[in-house]
Amino acid sequence: MRQDQVELDQRRSAQVFAGADRVASGPALFDAVLLDRDGTLVEDVPYNGDPEKVRPVTGARAALDRLRAAGLRLGVVTNQSGLARGLFTRAQMEAVHARIELLLGPFDTWQVCPHDDEEACGCRKPAPGLVRAAARDLGTVPDRCVMVGDIGRDVTAALAAGAAGVLVPTPVTRPEEIAAAPWVAPDLPAAVDEILRRQAAVVPNAPPWSTSGDAPGSGPGRARGNALGVRAEWPTTVGRSAAPVGTATAGRRGTVLVVRADSAGDVLVTGPAIRAVAAGADRVVMLCGPRGRAAADLLPGVDELVEHRLPWIDPAPGPVAPQDMHTLTARLAALGADEAIVFTSFHQSPLPLALLLRMAGVPRVAAISDDYPGSLLDLRHRVPAGVPEAERALSLAAAAGYGLPDGDQPVLRLRADALPRPPASLGPPGYVVLHPGSSVPSRACPPEVVVRIGRSLTDAGYRLVVTGTPQERELTAAVAGPTGLDLGGRTGLAELAGVIANAAAVVVGNTGPAHVAAACGVPVVSLFAPTVPFGQWGPYRVPTVRLGDASAGCRDTRAADCPVPGHPCLATIEPAEVLTALRLLDVVADDTRATVGPTATAARSTRTEPYAAGAAVTATGGSG
């Protein structure tokens, strides 16, 4: 795994794992917008070598000018197999490009694949080579790019490179491509609208309330723990060099309580927002639930943890006990928080906790809420459907006046000092991790499917490491077989992160370890059940290939148990698809059939060198 260790705040343990290729920094989501040519920028004329046939799509010039005005660099990435087939010359192609620039304005890079499918190059979409080449040419990295295209190949190439992918369907777009896309816009101007909206949403606003002169305990209407007639007692917390309660540093905003009370994956995707808050606060206290505690321990920027189960969030709640709520309110009052930011998923309500925070005397509360909050919230933020959960949370932090500092960027991260060394039995980095289970049954592949995947990986020469919970030991043993390494039941979340950090790729469903992989910068083959939207819950800003039937009957049901007989969304995945996905991610098998162990040969990870079967052509557009 690649490492990027950045000291974000000398008061905190801020060394974090992330991709070393993430050289750009700052809170902006995107540096560049990459666009497919035919069907996206201009009407699709098959194998066009005639500039007179160029017809821009409706609204293209105005939309592109808006991107330019926003400071975004623009590039075109296009498959042009007509060159390989002799249907037009390079000079004719560049004349077409010159005409496009005359009509639509200049582009900062043109990346062209001149090959056809038979050449098996690394640049022809859906391979990610063009996207990577464009990012390099524009001086950025793929995860700070967004790719707009009209067919599934465009989106697959974007995701495999680690970029965001927007599908703008046309009559040639297949229904299954639309279903699988993480982000769909009706046309190019609408795609640009959403790119700019998402870009602006994570830029911090001025604080929505006064931040001067209010020391902890002096805010308006503050009644320190007296709303229930109870004495506030200090909670049981885990300290992380917290600033003293009752003090505020100039330019910072005292003690801020951040809340994410559900599972490990939910906590991890909230990480960028919590780091943004930490950059502007003296002290960050996090309230989490028992299901997310292990993940909260791994987050940079948290000074203290308070663990308490919230029955309106927990997926297997017990009855609401008045004394339990009484105790929680006292614990919240004892924290001395000047502000609270309640992070939730799109289907959860922050209002029950907001009521308790008011009763605990917290003077300022912010949350996302579609429901009318009355006087429970000082900042009621709203987010459109479909936004990735990490960005949803980061936009709330931005609305409250918090942004990521220089040197950080909107990706998932873990505290490097919290990850133990992986066991020596793993051997050198470069193995493939297969995590067959899931905390939610509907999101787990059928056992027979993952067993076949495991056999195919080892037969193809990959070093296989299988992970899982203690309850999944029988499954992990079957998946590992005689040549894989079975770590089922032998890793907590921190140990699992240490294992994943040295992997070449992770094959996993939409469950917590997928977000661990994203936080480690490790590519993901996502066996994604469509019970929740992929655009919101897919691995965030890391190279990913999605597999599975995105249009299955369970789509968007949020079902915990599969509602469709036969589990068709995942049961149809073939092992060959997983091998193809690994090749798209440039994760290749060992040359020998070595088992995992100290003498095993490492598989190569994501490559950035020229492609053996022919490189992409950096073509001129004619006018710039």
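Highest mean first, how do 146-156, 448-458, 473-483 rank when packing is the count of other Cβ atoms within 10 Å averaged over residues? Write out the running numbers ahead of the final one.
Working: 146-156: 25.9, 448-458: 20.6, 473-483: 18.1.
Order by mean packing, descending: 146-156, 448-458, 473-483.
Just to be sure I follow: if Rg is taken over the C-alpha atoms of the stretch 345-495 and Rh is the Kirkwood radius over the same atoms, what is Rg/Rh?
Working: Rg = 21.7 Å, Rh = 19.3 Å.
Ratio of gyration radius to Kirkwood radius for the stretch 345-495: 1.12.
Calculated over the stretch 64-157, the projected area of the Cα convex hull averaged across directions stands at 6.3 nm².
Take the stretch 279-416 with all the other protein chains still there, run a 1.4 Å probe, and you get 29 Å² of accessible area per residue.
Computed over the Cα atoms, what is the radius of gyration of the stretch 409-466 divided by 2.2 N^0.38 Å, N being its residue count? Walk me through the numbers on the way to the answer.
Values: Rg = 14.8 Å, N = 58, 2.2 N^0.38 = 10.3 Å.
Normalised Rg, Cα atoms only: 1.44.
With only the Cα atoms considered, the stretch 465-592 has a convex hull volume of 122 Å³ per residue. Using the alpha-carbon positions of the stretch 108-210, Rg (one decimal) and Dmax (whole number) come out as 15.8, 63 Å.
If you wrap the stretch 368-428 in the convex hull of its Cα atoms and look at it from every side, the mean projected area works out to 7.6 nm².
The Cα atoms of the stretch 252-344 define a convex hull whose projected area, averaged across directions, is 5.5 nm². The distance between label points at Leu87 and Ala385 comes to 3.9 nm (points 7 Å beyond Cα on the Cα→Cβ vector). Rounded to the nearest Hz, the phi-derived 3J(HN,Hα) couplings of the stretch 59-68 under the Karplus curve 6.51 cos²θ - 1.76 cosθ + 1.60 (θ = phi - 60°) are x, 5, 4, 5, 5, 5, 5, 5, 5, 4, where x marks glycine and proline. Given the stretch 41-81 reduced to its alpha-carbon atoms as identical point scatterers, what log10 I(q)/I(0) does the Debye formula return at q = 0.15, 0.21 Å⁻¹? Each listed q corresponds, in turn, to -0.47, -0.80.
Take the Cβ atoms of Ala120 and Arg293, set R0 to 56 Å, and the FRET efficiency comes out at 0.75.
Taking Lys and Arg as +1 and Asp and Glu as -1, the other residues whose beta-carbon sits under 13 Å from that of Leu130 total +3.
The values are calculated or read from the model by the stated rules, or taken from the named source; none is laboratory data. Computed from a predicted structure; not experimentally measured. Counting neighbours? That spans all protein chains shown, and the Cβs are built from the backbone with ideal geometry, glycine included. Calculation scope for accessible area: heavy atoms of the full protein, side chains included, ligands and nucleic acids excluded. Shrake-Rupley method; radii C 1.70, N 1.55, O 1.52, S 1.80 Å.
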